[in-house]
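Encoded as structure tokens, the structure appears first; notes follow it.
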Amino acid sequence: MVRKLIAGNWKMNGLKGTGGELARDLAARARAAAPDCDLLVCPPAQLLFPVGEALAGGPVRLGAQDCHAEPSGAHTGDIAAPMLADAGCSHVIVGHSERRSNHGETDGLVRAKAEAATAAGLTPIVCVGETEEERTAGRALAVIESQIRGSVPEAGGAEVPVVAYEPVWAIGTGRTATSGDIAQAHGHIRALLKSIYGEEAGGTVRILYGGSVKPDNAAEILAVAEVDGALVGGASLKAEDFWAIAASCP
Ligand code: PGA
């Protein structure tokens, strides 16, 4: 069994004061007793340095929410993967559904970002997930499959990505997929990853579930087959809730 990863996606939330306080709270909890899983927080870019400083030396790692596909250049407003590595990140989320829909990111672009992350020594967390309309039309697995095939890094590199399955209709809505639906999606993703990266490497890719993961549903979700952790949005903004989710790791 792969060690679980609980990742917090702060999205566009947090100023120096509130973000720093949240990071210090998490660091203090980690010093007192670290749960039996890997922990990661992905603050907005302007907080990477102060949050990284607050977490330094502890088990909670630092991640970013997006990166550009190029390592440097004339791309106003963007952040390159080597900059994130330089800021102390170990991971970067790519292809979150909010970026796919708000910024028109395609599978091809997401793959280029994921490969740029890997080249910079970061682990990309590649997000996939169907919309409600696609699920109702019975196309959930087909959509997930084409996103996986189009957006995870090509096989051949030494490193494998993390994949996050996040049904779009479950993000920020308080609705979660049923355990049966999660098991089906994760099982399908596992089989695909094995066919892409090979039986062994594909078996080690962590597949996170995301979409309204809260302290009161985390234990059930984290116990589902092939769920190797969670990508947590709203509940990651409260240290107590994030910690309770991490403590739910079986
Ligand atoms: P949520 O967000 O936990 O607020 O639903 C999850 C995500 O978008 O990563």
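The values are calculated or read from the model by the stated rules, or taken from the named source; none is laboratory data. Worth saying up front: this structure is predicted, and the values here are computed from it rather than measured. Cβ sites come from the backbone with ideal geometry, for glycine too, and all protein chains shown count toward neighbours.
Observations
- Subset of the stretch 66-122 [among the polar types (S, T, N, Q), closer than 25 Å to residue 168 by Cβ and in contact with an Asp or Glu (Cβ under 9 Å, 6 or more places away or on another chain)]: 97
- Applying the criterion of at least 3 residues that are under 24 Å from residue 24 (Cα atoms) and touching a helix residue (DSSP H, G or I) at 6+ places or on another chain (Cβ under 6 Å) to the helices (runs of 4 or more DSSP H) found wholly in the stretch 175-250 leaves 239-246.
- The set of residues in the stretch 135-151 being of a type in the set (Lys, Arg) and assigned to a helix (DSSP H, G or I) consists of 135, 149.
- Residue 14 vs. criteria closer than 23 Å to residue 98 by Cβ, crowded, with 19+ Cβ neighbours inside 10 Å and within 16 Å of the ligand (Cβ to nearest atom): yes
- Per the conditions (1) within 14 Å of the ligand (Cβ to nearest atom); (2) modelled with pLDDT under 95, the sole criterion not satisfied by residue 166 is (2).
- Residue 164 vs. criteria surrounded by 15 or more Cβ atoms within 10 Å (Cβ to Cβ) and over 30 Å from residue 121 (Cβ atoms): no
- Residue 246 being hydrophobic (A, V, I, L, M, F, W, C), buried (at least 23 other Cβ atoms within 10 Å of the Cβ), within 16 Å of the ligand (Cβ to nearest atom) and in contact (Cβ under 8 Å) with a residue 24 or more places away in the chain: yes
- Taking each residue of the stretch 178-201 that is more than 23 Å from residue 217 (Cα to Cα) and looking for partners that are of a type in the set (A, V, I, L, M) and in a helix (DSSP H, G or I) with beta-carbon atoms closer than 8 Å, six or more apart or interchain, yields 192/148; 193/148; 196/148.
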